[in-house]
1. List the GluC sites (Glu not before Pro) within the range 122-155 that fall in a DSSP loop (any state other than H, G, I, E or B) and whose Cβ has at most 12 other Cβ atoms within 10 Å.
2. Multiply the residue separation of D64 and R135 by 0.36 nm, subtract the distance between their alpha-carbon atoms, and state the gained length in nm to one decimal.
3. In degrees between 0 and 90, to the nearest 10, how far off the longest principal axis of the chain does helix 47-56 point, with axes built from Cα atoms?
4. What length, rounded to one decimal in nm, is gained on full extension from I83 through to Q163, with 0.36 nm per residue of separation minus their alpha-carbon distance?
5. Which trypsin sites (Lys or Arg not before Pro) does the range 1-41 hold that lie in a coil by DSSP with at most 15 other beta carbons within 10 Å?
6. Are any of the pairs K14/K173; K85/K132; K36/K85; K14/K85 more than 27 Å apart by Cα-Cα distance, and if so, which?
7. Which percent of Cα pairs goes in each bin when the distances of the chain are cut into 5 angstrom slices starting at zero?
8. Around I149, under 9 Å between beta carbons, what's the net of Lys plus Arg minus Asp minus Glu among the other residues?
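The values are calculated or read from the model by the stated rules, or taken from the named source; none is laboratory data. This is a predicted model, so every value here is computed, not measured. Here the Cβ positions follow ideal geometry from the backbone for every residue, glycine too, while neighbour counts run over all protein chains shown. The accessibility values were calculated without ligands, DNA or RNA, using every heavy atom of the protein model including side chains. Shrake-Rupley method; radii C 1.70, N 1.55, O 1.52, S 1.80 Å.
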Amino acid sequence: MTQQYVIDEMISAKSIAARIEVLASEIKTAFADTDKLVVVGLLRGSFVFIADLVRELDLNVEVDFLEASSYGDSTESSREVRILKDLRGEIGGRDVLVVEDIVDTGFTLSHVTQLLATREPKRLETIALLDKPSRRETNIRATWTGFEIPDEFVVGYGIDYAQRNRNLPYIGKVRFT
Ligand code: IMP
C-alpha cells in the first residue's frame, strides 16, 4: 500500500520544453562530427524525456533502451543496481549518450556508465533531466543536467511513484498527506 499524497507542480511543461531546446542545441554542437549517435534511454523513467529530446536533435540518431533496477515501490534507493534489460545494439566504437530521468544517489548512472564503458564506445556522455545533488553518494555527475532540484520526491514527465503519475505533463512534488 502506498501512502496518500497530493502533487504540487514544481517544473511546468513549458519550462521543460524550453530547457530541452537549449540542451539539444548543446548536444548537437558537442556531437557535430558524429556519423551516428546512439541515444540510450534508461527505462522506464526516461521514456518521455528521451522522446522529446531526440525530436530536438538534428543528428543521425539510433535509440536504444536499458533497464536497471530502481526503487521498486519505495521512495528510497536500493543501492544495489541490477541490469534487467540490456541494449539491443552494439556500442563499441560508437558515440553514446545515456539519458537518465533523475540522478539521486548516483548509483544507477554510475553503475550503467561503468558497464557501458567496458564495451569501449568511442565517446560516452550522459544527460539527466533532474539532479538532486544533496542526495549524492557517488562521484558521478551527468555531462548535461536539465534542472537541479532539492531533496524532494517527484513524479510526472515519465517519472513514477509506485508506477503512477508517469503521464503528468509536468514535474510535480509529492506531498504525503
Ligand atoms: P539513484 O541510483 O539513487 O541515482 O536513483 C536513480 C533512480 O531512482 C532514478 O532513475 C529514478 O528512477 C529513481 N528516483 C530517484 N529520485 C526519484 C524521485 O524523486 N521520484 C521517482 N523516482 C526517483
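1. On the way: sites: E125, E137, E148, E152; in loops: E137, E152.
Sites meeting the loop and neighbour criteria: E137.
2. Between D64 and R135, full extension yields 22.8 nm more.
3. Between the helix axis and the principal axis of the chain, the angle is about 40 degrees.
4. Full extension of this stretch gives 26.9 nm more.
5. K36
6. Numbers: K14/K173 17 Å; K85/K132 25 Å; K36/K85 23 Å; K14/K85 32 Å.
Flagged as over cut-off: K14/K85.
7. In order of increasing distance, the bins hold 2, 8, 18, 22, 21, 16, 9, 3, 1, 0, 0 percent.
8. Details: positive: K132, K173; negative: D131, E148, D151, E152.
Net charge around I149: -2.
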